[in-house]
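Report on the following structure.
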Amino acid sequence: MQANVLHEVSSNATPLPRSTSLGLVYGGLLITLVAAMVLSVTVGYRIYSLPQAFAALFAFDGSEAATVITSLRLPRAIIAPLVGAGLAIAGVQVQTLARNRIASPDTLGLNAGASLAVVVASAVFGVGSLIGLSLTAALGALVTSLVVFAIAAGAGGLSPIRIVLIGVTIAGLGQSIVQIILTNNEAQLQNLLFWLAGSFVDRPMTLALSGGPFILAGAALALLLARPLDALQADDETAKGLGVPLTLVRIGCFVSVSLLTGASVAMAGPVSFVGLVVPHAARRLVGLRHGRQIIAAALIGAIYAVLADVAARFVIFPVEAPVGAITAVLGGIVLVALLRRRAA
Amino acid sequence: MTDSPAIAVDGLTLAYGNTSVLDTLSLAIPRGKITVLAGPNGCGKSTLLRAIRRLHKPSAGRILLETTDIAKLGERMLARQIGLLAQSPSAPEDMTVEELVRLGRYPHQSMLQPWSPDDTRALETAMAGTGVTHLRERHLGSLSGGQLQRVWIAMVLAQETEVVCLDEPVNHLDMSHQLDCLDLVRQLNSQFGRTIVLVLHDLNLAARYADQLVFLRDGVVAASGPPEELMVEDLIARVFDVDAMVITDPAYGRPLCIPLRTR
């Protein structure tokens with residue numbers, strides 16, 4: 001295998017690790033995640049020491065440092081991994097569902113639907129609070145998934161190619177309506193631009209506490225569907241021959257992806273490319289069995305989002321960049337590398 | 001045959017929309033034998049095979065597995081009894097051989113019943129039986145066409161079904177891989193005791209490997225029996241619209257058809 005960007009994630013890259021090395025992979029990823037979260041709590045416009053961070057978390061003393069850490073840094077250090085893991089697990093499922101490795105939750109139009117809902121709510125109904133926008137976004141993603149699902153089912157079945165075509169169409173439609181509305185509302189544009197790029201800034205802890213359970217539920221459903229998803233990697237005929245209830249599994253995946261993406265977009269706005277790129281890295285590390293793929297993708301996605309969030313604080317210092325821009329730039333580079341390798 | 005058939009097709013009628021494909025077709029698939037379905041394009045042979053695996057819903061008639069109507073079996077139960085190698089199966093290029101063969105164990109597992117030692121045994125037996133054990137870590141994309149077909153057969157073997165259906169398994173293979181693949185199918189039959197139902201286009205390969213040969217035409221069974229009885233000139237002319245000469249092949253003593261001209 002050639003050296004490539006994905007290999008930097010771990011030195012344990014083997015096609016199909018035995019259980020011992022699988023434990024090492026998970027353990028390594030988990031340690032990396034914890035380290036990244038510690039980094040996220042301590043590093044930013046001001047840099048705090050580890051003792052300061054521990055003191056703020058476990059012996060709050062009301063100091064400025066403690067306040068910044070608990071009310072600003074901690075929520076994003078928790079929301080970022082939830083969103084990253086959620087989008088990555090959704091990405092694994094969508095890529096298997098669509099039998100297409102460049103599909104992602106975006107391909108189903110869920111992010112575009114959430115954006116459209118938020119822009120409409122803001123421009124037409126004057127919704128301005130973060131919680132209001134979050135609920136609107138989740139609702140937009142869910143409605144979009146129902147629309148894509150209904151059109152696909154009505155058009156004769158949930159075949160992979162049909163799901164992708166309908167999703168991409170809905171995504172394009174949603175994005176163009178967003179553009180039209182924003183072009184006519186310059187004031188809205190300023191307000192919403194940051195949201196539309198995805199960000200973890202200024203999120204209250206309640207957002208993590210209300211979005212978290214949906215991420216966990218979506219992840220649990222994905223793990224329950226891991227075995228049928230394995231079989232769905234083969235063609236429909238073969239999967240049916242193995243006794244996989246295709247429609248039931250596809251509906252289950254839709255529900256899981258909607259929960260994961262809806263909760264993610266509610267917490268952070270549309271963070272792009274995580275769901276597209278992370279599954280590739282996960283497959284590289286642990287192979288194609290979904291039980292493994294989902295766990296690895298969740299960990300890698302969480303790390304990716306936390307590190308992107310930390311990077312977002314420094315790329316245009318002292319101003320914060322939207323984290324969606326960071327994940328998109330990094331993800332774009334990785335994707336081009338992947339596509340070049342496949343073409344070669 | 002004193003044994004009851006493994007599968008009995010009883011008055012099966014099947015239509016796509018208004019086009020009738022199978023018309024009150026009846027057929028017995030003998031247990032532990034190789035049955036080859038043959039016939040001209042559009043005769044319904046693949047449809048019959050798929051109906052036996054319940055991928056098509058008949059509009060009339062039934063298919064009995066032992067004495068049970070397959071329409072009454074649950075998905076998992078049916079998948080433990082009848083395996084299918086689809087006509088052009090596909091899986092991701094970066095899937096490993098072992099990952100693919102493991103899929104064959106799907107119907108034997110459930111949420112409460114995860115991977116067991118029995119699954120491991122079946123997986124290893126299937127890979128060893130098809131000679132792909134040494135390829136287990138290889139990606140499917142790196143295999144030759146012949147190797148790939150062996151791996152797919154290993155997957156169906158791992159499913160440990162009494163009946164194995166194969167839909168034109170040698171279509172895209174060259175001559176040596178065709179023989180290789182069909183020898184392997186015969187081995188599934190002789191060594192692993194599977195009842196085989198096979199759709200084949202090549203009449204001479206069909207005659208060479210079949211215990212029971214079935215000629216289909218226009219959705220009905222035109223004739224069925226041992227190849228020696230079916231490989232006769234007027235029957236071939238009637239079923240395939242081809243004037244042919246049938247000789248006994250000097251190497252194996254099986255009937256060999258030499259097509260002369262279309263009628």
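Pairing each residue of the stretch A:147-169 that is assigned to a loop (DSSP other than H, G, I, E, B) with any residue that is loosely packed, with under 13 Cβ neighbours inside 10 Å, provided the two are 6+ apart or on different chains, yields C-beta distances under 7 Å for A:Leu158/A:Thr247.
Please go through the stretch B:26-79 and pick out each residue that is within 15 Å of B:Ile7 (Cβ to Cβ), within 14 Å of another protein chain (Cβ to nearest Cβ), out of contact with any Leu (no Cβ under 7 Å at 6 or more places or on another chain) and of a type in the set (Lys, Arg). B:Arg50, the sole residue that qualifies.
Of all the residues in the stretch A:97-139, those that are part of a helix (DSSP H, G or I), closer than 21 Å to A:Thr169 by Cβ and more than 16 Å from the chain's Cα centre (by Cα) number 7.
When you scan the stretch A:229-246, do you find a residue that is within 19 Å of A:Leu29 (Cα to Cα) and crowded, with 20+ Cβ neighbours inside 10 Å, even just one?
No, the stretch A:229-246 contains no residue that is within 19 Å of A:Leu29 (Cα to Cα) and crowded, with 20+ Cβ neighbours inside 10 Å.
For the stretch A:252-273, taking the residues that are surrounded by fewer than 24 Cβ atoms within 10 Å (Cβ to Cβ) and closer than 19 Å to A:Gly174 by Cβ, the one that is modelled with the highest pLDDT is identified as A:Phe254.
Screening A:Ser176, A:Ser129, A:Ser159 for residues that are surrounded by 15 or more Cβ atoms within 10 Å (Cβ to Cβ) and among the hydroxyl-bearing types (Ser, Thr, Tyr) leaves exactly one candidate, A:Ser159. Only a single item in (1) among the charged types (D, E, K, R); (2) within 27 Å of B:Leu27 (Cα to Cα); (3) surrounded by fewer than 17 Cβ atoms within 10 Å (Cβ to Cβ) is not met by B:Arg263, and it is number (2). Condition first: in a helix (DSSP H, G or I), crowded, with 17+ Cβ neighbours inside 10 Å and over 23 Å from the mean Cα position of the chain (by Cα). Can you find one or more residues in the stretch A:67-75 that meet it? The answer is yes; a qualifying residue exists.
Go through B:Thr120, B:Thr130 for me and flag whichever is farther than 27 Å from B:Leu64 by Cα and more than 14 Å from chain A (Cβ to nearest Cβ).
B:Thr130
Here the stretch B:232-260 is the region considered, the condition is being farther than 20 Å from B:Asp218 by Cβ and β-branched (Val, Ile, Thr), and the residue that is surrounded by the most Cβ atoms within 10 Å (Cβ to Cβ) is B:Val246. With respect to B:Leu140, is the statement that it is closer than 22 Å to A:Thr96 by Cα and either buried (at least 16 other Cβ atoms within 10 Å of the Cβ) or at the interface with chain A (Cβ under 8 Å from one of its Cβ atoms) (or both) true? Considered against the rule, which asks whether it is closer than 22 Å to A:Thr96 by Cα and either buried (at least 16 other Cβ atoms within 10 Å of the Cβ) or at the interface with chain A (Cβ under 8 Å from one of its Cβ atoms) (or both), B:Leu140 comes out as yes. Could you tell me whether the stretch A:297-315 includes any residue that is over 18 Å from B:Glu99 (Cβ atoms) and among the charged types (D, E, K, R)? Checked the stretch A:297-315: at least one residue is over 18 Å from B:Glu99 (Cβ atoms) and among the charged types (D, E, K, R). Checking each residue of the stretch A:306-328 against the condition of being hydroxyl-bearing (Ser, Thr, Tyr) and either at pLDDT 95 or above or part of a helix (DSSP H, G or I) (or both) gives at least one match. Give me the residue from the stretch A:300-316 that is surrounded by fewer than 24 Cβ atoms within 10 Å (Cβ to Cβ), out of contact with any Asp or Glu (no Cβ under 8 Å at 6 or more places or on another chain) and touching a residue at least 24 places away in the same chain (Cβ under 8 Å) and, out of that set, nearest to A:Leu232 (Cα to Cα). Among residues in the stretch A:300-316 that are surrounded by fewer than 24 Cβ atoms within 10 Å (Cβ to Cβ), out of contact with any Asp or Glu (no Cβ under 8 Å at 6 or more places or on another chain) and touching a residue at least 24 places away in the same chain (Cβ under 8 Å), the one nearest to A:Leu232 (Cα to Cα) is A:Leu307. Cβ-Cβ distances below 6 Å connect the following pairs, each with a first residue in the stretch B:31-50 that is over 17 Å from B:Leu182 (Cα atoms) and in contact (Cβ under 8 Å) with a residue 12 or more places away in the chain, a second residue that is basic (Lys, Arg) and surrounded by 23 or more Cβ atoms within 10 Å (Cβ to Cβ), and a separation of six or more residues or different chains: B:Gly39/B:Lys45. Comparison of B:Leu203, B:Leu188, B:Leu173 shows that the only residue that is at pLDDT below 95, farther than 22 Å from B:Leu78 by Cβ, crowded, with 21+ Cβ neighbours inside 10 Å and not small (Gly, Ala, Ser) is B:Leu203. Among residues belonging to the stretch A:319-338 that are over 19 Å from A:Ala77 (Cα atoms) and in contact (Cβ under 8 Å) with a residue 60 or more places away in the chain, point out the one that is surrounded by the fewest Cβ atoms within 10 Å (Cβ to Cβ). The extreme case among them is A:Ile333. Yes or no: B:Pro89 under 22 Å from B:Glu168 (Cβ atoms) and more than 11 Å from chain A (Cβ to nearest Cβ)? Here the answer is no, as B:Pro89 does not meet what is asked. Among the conditions (1) away from every other protein chain (no Cβ under 14 Å); (2) more than 23 Å from A:Ile326 (Cβ to Cβ); (3) touching a helix residue (DSSP H, G or I) at 6+ places or on another chain (Cβ under 7 Å), A:Asp236 misses just one, which is (1).
Filtered by the rule that a residue be facing another protein chain (nearest Cβ under 9 Å) and assigned to a helix (DSSP H, G or I), the stretch B:98-117 gives B:Glu98, B:Glu99, B:Leu100, B:Arg102, B:Leu103, B:Tyr106, B:Pro107.
Considering only the stretch A:182-194, I want to know if a residue exists there that is among the hydrophobic types (A, V, I, L, M, F, W, C) and within 14 Å of chain B (Cβ to nearest Cβ). Scanning the stretch A:182-194 turns up no residue that is among the hydrophobic types (A, V, I, L, M, F, W, C) and within 14 Å of chain B (Cβ to nearest Cβ). Restricting to the stretch A:247-282, name every residue that is within 14 Å of chain B (Cβ to nearest Cβ) and under 18 Å from A:Leu330 (Cβ atoms). Scanning the stretch A:247-282 gives A:Pro279, A:His280, A:Ala281, A:Ala282.
The values are calculated or read from the model by the stated rules, or taken from the named source; none is laboratory data. Worth saying up front: this structure is predicted, and the values here are computed from it rather than measured. Quick reminder, even Gly has a Cβ in these numbers, built from the backbone with ideal geometry, and neighbours come from all protein chains shown.
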